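Okay, so here's the structure we're looking at.
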Amino acid sequence: MQFSEVSFSGAQGLPIDSYGPGFFRVRGKVIEGAVLVIPSGAKLWMGYGDTQPLLDARTQIDVAFIGTGRGAERVPASFRDPLVNAGLAIEPMPTPSACRTYNVLLGEGRRVGAALLPV
């Protein structure tokens, strides 16, 4: 089987290198706890009560992947509604799937962001 490495050159964002119990590694930087990854950088995310960073990034991203932790969970309406009403598409899914999907679309040059709860 032939493998090809994903290239992130020219991508408007940071690849998620890895994740584990309670942490994420984004372009070599370890962030403990929940993380927000948008084109301007990666930083600690305060969870579902913290919509402002995604609202601020809505002109830079078309979709935000919301990592709900280990399993598929509904996101609270108080988090979802302000983002959708501002025109930002959100895709909630388990965090492992959100990391993979984010990286694939970032590698394709898509305008993506991620807000991820740890596993």
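The values are calculated or read from the model by the stated rules, or taken from the named source; none is laboratory data. The shown structure was predicted, so the numbers you read here are calculated from the model rather than taken from an experiment. Cβ placement follows ideal geometry from the backbone for every residue including glycine, while neighbour counts extend to all protein chains displayed. Accessible surface areas use protein heavy atoms only, side chains included; no ligands, DNA or RNA. Shrake-Rupley method; radii C 1.70, N 1.55, O 1.52, S 1.80 Å.
Under 5 Å between amide hydrogens, built in the peptide plane, is the criterion, and for I90 it picks out A64 among residues at least 5 positions away or on other chains. At a probe radius of 1.4 angstrom, the accessible area of the chain per residue rounds to 54 square angstrom. Between the amide H of V112 and those of D62, distances stay under 5 Å, these residues lying 5 or more places away or on another chain, with hydrogens modeled in the peptide plane.
The helix-only estimate of mean residue ellipticity at 222 nm for the chain, built from DSSP H runs of length n ≥ 4 each weighted as -39500 (n - 2.57), is -6500 deg cm²/dmol after division by the residue total.
Here the Karplus relation 6.51 cos²θ - 1.76 cosθ + 1.60, evaluated at θ = phi - 60°, turns the backbone of the range 101-114 into coupling constants of 5, 4, 5, 4, 5, 4, x, 7, x, 6, 8, 10, x, 8 Hz, with x for every Gly and Pro. Anisotropy class assigned to the range 51-119 is oblate, per the alpha carbon gyration tensor with a/c at or over the 1.5 cut-off and a/b no larger than b/c. Under a 5 Å amide H cut-off, with hydrogens placed 1.01 Å from N, V26 pairs with D17, I31 among residues at least 5 apart or on other chains. In summary, the convex hull built on the alpha carbon positions of the chain has an orientation-averaged projected area of 7.4 nm².
Report note on the peptides 91-98, 68-75, 34-41, 19-26: ranked by the mean count of other C-beta atoms within 10 Å, highest first, their order is 34-41, 91-98, 19-26, 68-75. Return the carbon/sulfur percentage of the accessible area of the range 53-97, one whole number, probe 1.4 Å, all protein chains in place. Reported share for carbon and sulfur atoms: 47 percent.
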